[in-house]
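All remarks here apply to the structure that follows.
The values are calculated or read from the model by the stated rules, or taken from the named source; none is laboratory data. Everything numeric here is computed off the predicted structure, so don't read it as measured data. Counting neighbours? That spans all protein chains shown, and the Cβs are built from the backbone with ideal geometry, glycine included. Accessible surface is based on the protein model in full, side chains and every heavy atom, while ligands, DNA and RNA are left aside. Shrake-Rupley method; radii C 1.70, N 1.55, O 1.52, S 1.80 Å.
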Amino acid sequence: MIKFTKMHGAGNDYVYVNCFDEPMPNDPAVLAQRVSDRHFGIGADGLILICPSQLADARMRMFNADGSEAEMCGNGVRCVAKYVYDHGICRNRTLKIETGRGILTLNLEVTQDLVSRVRVNMGEPILEPAKIPTSLPGNPAFPGSPAANVELSVGGQNLNVTCVSMGNPHCVTFVDEVNDQWVLGVGPAVETAPQFPKRVNAEFVQVLSRCEMRMRVWERGSGETLACGTGACAVCVAGALTGRTDRKVLIHLPGGDLELEWAADNHVYLTGPAVEVFSGQWDDA
């Protein structure tokens with residue numbers, strides 16, 4: 001038996017286990033698959049373990065719904081910060097959370113002694129193709145030759161894509177209209193395209209103005225989710241890099257809105273909600 005808390009950031013929902021109090025699951029990959037099942041489990045996009053850290057206030061380990069471990073989750077780390085503060089693990093309004101991306105700094109917005117929103121310094125985007133990783137070529141039309149506005153042929157479609165890593169890989173496609181044909185039809189083919197040796201998150205984006213976009217995402221290992229924090233960061237960078245948008249944008253996702261800024265210090269800042277839904281006990285740990 002293991003105690004858990006269900007939380008979400010803009011509808012991107014995970015099952016959280018407080019490993020300060022609970023023993024580390026024997027097989028978190030299998031547990032992630034079981035609890036994530038929306039018919040026979042709790043229902044979630046994955047499992048996140050909140051663990052002690054020797055370097056920060058807490059450590060986040062994230063497992064997708066298929067059991068694969070991911071490096072980062074922008075919505076997930078906001079919820080980790082809320083849990084750490086609300087449940088008394090650390091009552092600082094600025095927290096350090098250790099992730100697969102490194103140690104992130106999070107600033108908390110507290111209302112009636114509970115965290116409502118969190119601003120995360122997501123670090124610098126990685127644009128070098130080999131480090132994303134992708135075998136797509138760099139585009140010499142841009143400084144540093146990132147894989148920006150390059151061609152990707154998948155699923156019978158020729159896409160113009162921009163690739164960004166925020167500690168995990170993203171492939172951004174700007175389209176006239178975001179719809180099921182793109183996300184559900186093309187998204188799975190992008191995720192598993194051979195040009196992405198570690199698979200990739202696929203974002204499909206409609207530009208509404210210089211400071212506003214609409215996006216949907218097919219997430220590596222989870223399928224479509226209502227929001228993706230690192231994906232929104234990648235979209236912010238891709239929009240600014242290719243001249244489609246400003247560096248500070250509001251992004252509309254099916255689960256809610258996220259505020260992004262690719263700041264002058266080259267770091268991407270993500271601001272959005274963090275919500276606790278319910279807690280319970282899972283007997284098949």
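Pairing each residue of the stretch 71-89 that is open to solvent by less than 10 Å² (accessible area, probe 1.4 Å) with any residue that is among the polar types (S, T, N, Q) and assigned to a helix (DSSP H, G or I), provided the two are 6+ apart or on different chains, yields C-beta distances under 8 Å for Met72/Thr230; Cys73/Thr230; Gly74/Thr230. Against the condition in contact with a strand residue (DSSP E or B) (Cβ under 8 Å, 6 or more places away or on another chain), open to solvent by 30 Å² or more (accessible area, probe 1.4 Å) and not hydrophobic (A, V, I, L, M, F, W, C), how does Pro25 come out, does it pass? Against the criterion (in contact with a strand residue (DSSP E or B) (Cβ under 8 Å, 6 or more places away or on another chain), open to solvent by 30 Å² or more (accessible area, probe 1.4 Å) and not hydrophobic (A, V, I, L, M, F, W, C)), Pro25 does not qualify. Among the candidates Ile103, Ile89, Ile48, which residue alone is of a type in the set (Val, Ile, Thr), over 21 Å from Leu253 (Cβ atoms) and touching a helix residue (DSSP H, G or I) at 6+ places or on another chain (Cβ under 9 Å)? Residue meeting the stated conditions: Ile89.
Residues that are in contact with a Cys (Cβ under 9 Å, 6 or more places away or on another chain), closer than 14 Å to Gly229 by Cα and assigned to a strand (DSSP E or B) do occur in the stretch 104-119, at least one of them. Within the stretch 39-70, the residues that satisfy the criterion of being acidic (Asp, Glu) and surrounded by fewer than 24 Cβ atoms within 10 Å (Cβ to Cβ) are Asp57, Asp66, Glu69. Of all residues in the stretch 109-140, those satisfying the criterion of being farther than 22 Å from Ala202 by Cβ, in contact with a Ser or Thr (Cβ under 9 Å, 6 or more places away or on another chain) and open to solvent by 20 Å² or more (accessible area, probe 1.4 Å) are Glu109, Val110, Arg117, Arg119, Asn121. Note on the stretch 1-85: enclosed strands (runs of 3 or more DSSP E) holding 3 or more residues that are among the hydrophobic types (A, V, I, L, M, F, W, C) and either within 21 Å of Leu258 (Cβ to Cβ) or more than 17 Å from the chain's Cα centre (by Cα) (or both) are 2-9, 58-64. For the criterion of being in contact (Cβ under 8 Å) with a residue 60 or more places away in the chain and either closer than 30 Å to Glu98 by Cα or hydrophobic (A, V, I, L, M, F, W, C) (or both), Pro133 passes. The strands (runs of 3 or more DSSP E) found wholly in the stretch 143-245 and carrying at least 1 residues that are under 19 Å from Ala130 (Cα atoms) occupy 150-154, 157-165, 169-174, 201-209.
Take the residues in the stretch 90-108 that are farther than 21 Å from Phe4 by Cβ and among the polar types (S, T, N, Q), then tell me which one is surrounded by the most Cβ atoms within 10 Å (Cβ to Cβ). My answer is Thr105.
Among the residues of the stretch 255-284, the ones that are open to solvent by 40 Å² or more (accessible area, probe 1.4 Å) and β-branched (Val, Ile, Thr) come to 2 in all. For the stretch 141-167, a residue qualifies if it is exposed (fewer than 13 other Cβ atoms within 10 Å of the Cβ) and either in contact with a His (Cβ under 6 Å, 6 or more places away or on another chain) or among the hydroxyl-bearing types (Ser, Thr, Tyr) (or both), and exactly one does: Ser153.
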